[in-house]
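Reviewing the structure listed below.
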């Protein structure tokens, strides 16, 4: 019969990891990607596509071993907590972000230059790092269906992973690896978020405190959580309107195949994105321009979605 010492030795050799304190880490990852797209789109003024490559819990040593030097690193700390995490933007993506934020051509994809980051580079990339931390907390809020009072604050920036120690190497961490494509030329690079489970515990505790303080007529039960998630992932039909024109009834009746309807030259630059409302009404939520991307017709947004729409969705969810 194995002794207690042998059992402990076996468990240590297996190198198992704990479970995430946050529910639905995959759902949080996908929502994280969507918020990243919105945030980075405002920074680089062009289309952005984010995709989750990996979502897993591993040891900190394994999470950091393949981070190259230099990499744009941001040390983050959960508000009112000692737990630290790490944000990482790889060299290629850092080059593209700096180039685009300084007015680079969206339709070109220059070859990234690997070099040490200057103080100007570090200052410029603080915005993308803050966008990452804000996007993650927004994703957590979407998962729980309520705002999270704690925030991830950036405490320092580094470019050499050997200069960073956020926790002992054996600590379990949640890792999100994401790929980002930017612009018509599909500039690409990777992002990484590394958070020890202790940091996630602090975030979950903040949410639970909010639940305790919530009014009794708004219970945070399983049914409400599932309904919020279902509503957040429900498809919404968006109509892209190129042009509107008024015709008399006689002109409408006289329309035949082959007839030409005149469209103003400015119409492709004034596409309206409309969403249906009750009683057959429609409302404009954004505007954009008609263009081409990788051989496909696309609409490039010129403005963010109407703030009133976002506020209403946040209130409902």
Open item on the list: Can you compute the modelled spin-label distance between residue 246 and residue 283, with each label point 7 Å from Cα toward Cβ, in nm?
Closed with: 2.5 nm
Open item on the list: Going by average Cβ density within 10 Å per residue, which order do the peptides 84-95, 254-265, 28-39 take, highest to lowest?
Closed with: 84-95, 28-39, 254-265
Task: Among [x] 5, 17, 19, 19, 18, 13, 8, 2, 0; [y] 5, 21, 27, 22, 14, 6, 3, 1, 0, 0; [z] 6, 25, 30, 21, 12, 5, 1, 0, the entry derived from the coordinates for P(r) over Cα pairs in 10 Å bins from 0, in percent - done: [y]
- [ ] Please work out the Cα center distance from the stretch 137-172 to the stretch 275-317, rounded to the nearest Å.
- [x] 31 Å
Task: Rounded to 10°, Cα long-axis angle of helix 126-144 versus longest principal axis of the chain - done: 90 degrees
TODO: As a check on your grasp of the helix formula, calculate [θ] at 222 nm for the chain: sum -39500 (n - 2.57) over DSSP H runs of n ≥ 4, divide by the residue count, round to the nearest 500.
DONE: -11000 deg cm²/dmol
- [ ] Rank-order 130-141, 107-118, 41-52, 158-169 by packing density, defined as the average count of other C-beta atoms within 10 Å over each peptide's residues, highest first.
- [x] 130-141, 41-52, 158-169, 107-118
Task: Linear extension gain, residue 312 paired with residue 51, 0.36 nm per residue minus alpha-carbon span - done: 91.3 nm
Open item on the list: Give me the extension gain from residue 297 to residue 270: residue separation times 0.36 nm, minus the current Cα-Cα distance, reported in nm with one decimal.
Closed with: 8.2 nm
Open item on the list: With bins 5 Å wide starting at 0, give me the P(r) of the stretch 32-151 over every alpha carbon pair, in whole percents.
Closed with: 2, 9, 17, 22, 22, 15, 8, 4, 1
Task: Relative exposure of 106, 96, judged by other C-beta atoms within 10 Å (fewest first) - done: 106, 96
- [ ] Give me the orientation-averaged projected area of the Cα convex hull of the stretch 242-317, in nm², one decimal.
- [x] 8.2 nm²
Open item on the list: As I understand it, the value is the acute angle between the Cα axis of helix 197-213 and the longest principal axis of the Cα atoms of the chain; what does it come to in degrees, rounded to 10?
Closed with: 60 degrees
TODO: Write down the Å³ per residue value for the convex hull defined by the alpha carbon atoms of the stretch 221-270.
DONE: 168 Å³
Open item on the list: Between 0 and 90 degrees, rounded to the nearest ten: what's the tilt of helix 222-232 against the longest Cα principal axis of the chain?
Closed with: 50 degrees
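Each reported figure results from applying straightforward, stated rules to the coordinates on display, with no laboratory input. This structure is a prediction, so every number in the text was calculated from the model and none was measured. Note that we place each Cβ from the backbone using ideal geometry, even for glycine, and neighbour counts take in every protein chain shown.
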